[in-house]
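The structure appears below as structure tokens.
The values are calculated or read from the model by the stated rules, or taken from the named source; none is laboratory data. In this text, all values refer to a predicted model and were calculated from it rather than measured experimentally. As a convention, Cβ positions derive from the backbone with ideal geometry for all residues, glycine included, and neighbour counts pool all protein chains shown.
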Amino acid sequence: MKLERPLETWAAVSPKAIAMMSTAAVAIFAADAQKDIATLAEERDRIERNRDMWKGQVERQAQELEAMRAALRSADHALACVTAFEADAREIMGNTNFEIVKHIREKVRAALPASSTTGEAA
């Protein structure tokens, strides 16, 4: 952002000193002030647009994260159900080789992050 005068200069302006200036100097001062006010207003508008853009992005990401959490809870539940089914089937039918159940369980487990998988049935 390019200003006609640094912000420090504007902060140090003395109204009494301006009143003592020539008409031409006051006109130049006012023109610089108008340009800098317009530049600062543009910068403010740009910053507000960026803020709104980031706020919208954060809201969209929060919704996506919540959807992922719900899907993860559902997948965890599915894995627990398959594991429980395998355990029940082994109890009823003996310790037979349940390849299909193992295959389903492994597919569900592979779809989950490693930290969310539950213990494997014996």
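For the structure I just gave you, tell me whether residue 64 is surrounded by 13 or more Cβ atoms within 10 Å (Cβ to Cβ) and either among the acidic types (Asp, Glu) or in contact with a strand residue (DSSP E or B) (Cβ under 7 Å, 6 or more places away or on another chain) (or both). Here the answer is no, as residue 64 does not meet what is asked.
Each row is one residue, and each column tells you yes or no for (1) in a helix (DSSP H, G or I); (2) out of contact with any helix residue (DSSP H, G or I) (no Cβ under 7 Å at 6 or more places or on another chain).
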position: 5; (1), (2): no, no
position: 9; (1), (2): yes, yes
position: 13; (1), (2): no, yes
position: 30; (1), (2): yes, yes
position: 40; (1), (2): yes, yes
position: 51; (1), (2): yes, yes
position: 54; (1), (2): yes, yes
position: 64; (1), (2): yes, yes
position: 73; (1), (2): yes, yes
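With respect to the stated conditions, residue 105 is charged (D, E, K, R), surrounded by 10 or more Cβ atoms within 10 Å (Cβ to Cβ) and modelled with pLDDT under 90.
Kindly establish whether residue 27 is at pLDDT 90 or above and farther than 22 Å from residue 110 by Cα. For residue 27, the condition - at pLDDT 90 or above and farther than 22 Å from residue 110 by Cα - is met. The requirement of being under 18 Å from the mean Cα position of the chain (by Cα) and outside any loop (DSSP other than H, G, I, E, B) is satisfied by residue 59.
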